[in-house]
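Peer 1: Have a look at the structure that comes next, please.
The values are calculated or read from the model by the stated rules, or taken from the named source; none is laboratory data. Note that the coordinates shown come from a computational prediction; the quantities given were computed from them, not determined experimentally. Here the Cβ positions follow ideal geometry from the backbone for every residue, glycine too, while neighbour counts run over all protein chains shown. SASA here: full protein model, heavy atoms, side chains in, ligands and nucleic acids out. Shrake-Rupley method; radii C 1.70, N 1.55, O 1.52, S 1.80 Å.
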Amino acid sequence: MTKIARIDPELVGPLGGLPPMVLTPGVLPRLREEHQATFADLNRASLPSPDVLAEDRLIPGPQGAPDVMVRLYRPARAGGQRPALLWIHGGGYMLGSVAGDDQYVGPLTHAVDCVVVSVEYRLAPEVPFPGPLEDCYAALTWLYTHAEALGVNPERIAIGGGSAGGGLAAGLGLLARDRGEVPVCFEVLIYPMLDDRNTRSAEEVGSDHLLWDRAGNRFGWQCYLGREPGGEDVPYQAAPARAEDVSGLPPTFISVGELDLFLDENIEYAQRLLRAGVPTELHVYPGAYHGFDVFVPTARVSRRAREDVVRALRHALWGHEVGPAPTTPG
């Protein structure tokens, strides 16, 4: 049975209008425009919530680097200290923006009843590793040091993201552990892009590309690393699957679709976390491909995936359920 035949019927729609990816430096500007337009359409399909307030701020970037823009989401209703989530958007390390994730982060803010800071990190290949990761770390330290002014409990800060954002979140978790400056209480890694070695046989993609194939993966890693992926000396904070020691990381939630290119690397990372004594929750969704919950948010499997994220965050950040989890968070 081919991968196409195994797709959840509710998720088939977007695949018909998407040609196989052909990624090169020359097409990247056009691809960014198309990516921005696609996510603008997704945002328009999701009405903004009056329950969430959003504002953009410029914060100090890494030493010697430009300021970093962050989008701050807060529940509109009054409240005391809330937990917080530092959110990192996806896009293969070379695409995407905080605006593209409005349709996901806004409802998540309301559902979890937390403050969310979404990071507009610099994109590769213009800024390769460690620039994007250091931008995220700058945002994390700003959130922590300004917690009181933001109405945030500094001991209840989680980090998370999807795809490349999930990879950056995993790298950020390692970086925060290593530097010991900011306590992170939880990680949410949604089909994270963790392993630059998952690019072999890039020509063997055929028709089963399912939104993100090995050729695209290889190009993304080339952009982020600034060199050919799969070498012997790639830093583990760039490709977290390479970390020999994953002990001391915060409790972690990982989710991935059965048909996602990242399935094996995500399962293996979860297993390594468990062996290292890190409390880890892993979800694999049958019939789901990369980004399924973004492209078809109304599908039952997408709703279930988003509800799982909400429940995990509410439990990690509040220690208990806070009212009923929404059925359509986005």
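Peer 1: Order of 51-63, 166-178 by packing, highest average Cβ count within 10 Å first?
Peer 2: Top to bottom by mean Cβ count within 10 Å: 166-178, 51-63.
Peer 1: Okay, next question. Pairs of Cα atoms under 8 Å, at least six residues apart: use those to get the relative contact order of the chain, whole percent.
Peer 2: RCO, the chain: 18 percent.
Peer 1: OK, next. Percent of accessible area on the stretch 247-323 owned by carbon and sulfur, 1.4 Å probe?
Peer 2: Exposed carbon and sulfur together represent 54 percent of the surface.
Peer 1: Can you compute the equivalent ellipsoid semi-axes for the stretch 48-169, i.e. the square root of 5 times each eigenvalue of the Cα gyration tensor, sorted largest first and rounded to whole Å?
Peer 2: In descending order, the three semi-axes are 23, 16, 11 Å.
Peer 1: Can you check what the net charge comes to around SER118, using other residues whose Cβ is under 14 Å from the Cβ of SER118 (Lys, Arg +1; Asp, Glu -1)?
Peer 2: Combined, the nearby Lys, Arg, Asp and Glu give -3.
Peer 1: Give a residue-ordered list of calculated ³J(HN,Hα) values for the stretch 173-182 (Karplus: 6.51 cos²θ - 1.76 cosθ + 1.60, θ = phi - 60°; whole Hz; x for Gly, Pro).
Peer 2: x, 5, 5, 5, 4, 5, 7, x, 9, 10
Peer 1: A further question on this structure: If R₀ is 30 angstrom, what is the calculated FRET efficiency for the pair ARG30 and ALA65, using the beta carbon separation as r and rounding to 0.05?
Peer 2: Calculated transfer efficiency: 0.65.
Peer 1: For n ≥ 4 DSSP H runs only, could you compute -39500 (n - 2.57) per run for the chain, divide by its residues and tell me the 222 nm figure to the nearest 500?
Peer 2: Counting only the DSSP helices, I get -11000 deg cm²/dmol.
Peer 1: Can you sort CYS114, CYS185 by solvent-accessible area, 1.4 Å probe, largest first?
Peer 2: Ranked from most to least accessible, the order is CYS185, CYS114.
Peer 1: So, counting K/R as plus one and D/E as minus one, what does the shell of residues with Cβ under 14 Å around PRO240 add up to?
Peer 2: -4
Peer 1: Moving on to the next point. Quick one: accessible area per residue over the stretch 144-298, 1.4 Å probe, rounded to a whole number of Å²?
Peer 2: Result: 37 Å² of accessible area for each residue.
Peer 1: Using a 1.4 Å probe, what is the accessible area per residue for the stretch 33-139, in Å²?
Peer 2: Computed with neighbouring chains in place, this is 41 Å² per residue.
Peer 1: Still on this structure: Taking a ≥ b ≥ c as the square roots of the Cα gyration tensor eigenvalues, with a/c under 1.5 meaning rounded and otherwise prolate when a/b beats b/c, else oblate, which class fits the stretch 243-319?
Peer 2: oblate
Peer 1: Summing +1 for each Lys or Arg and -1 for each Asp or Glu, what net charge is found among the other residues whose Cβ lies under 11 Å from the Cβ of GLY106?
Peer 2: Result for the local shell: -1.
Peer 1: Of the labelled options (1) 21.1; (2) 20.4; (3) 19.7, which one gives Kirkwood radius over Cα pairs in Å as computed for this structure?
Peer 2: (3)
Peer 1: Let me ask something else about it. Could you work out how far the C-alpha centroid of the stretch 290-314 sits from that of the stretch 54-98, in angstrom?
Peer 2: The two parts, judged by their Cα centres, are 21 Å apart.
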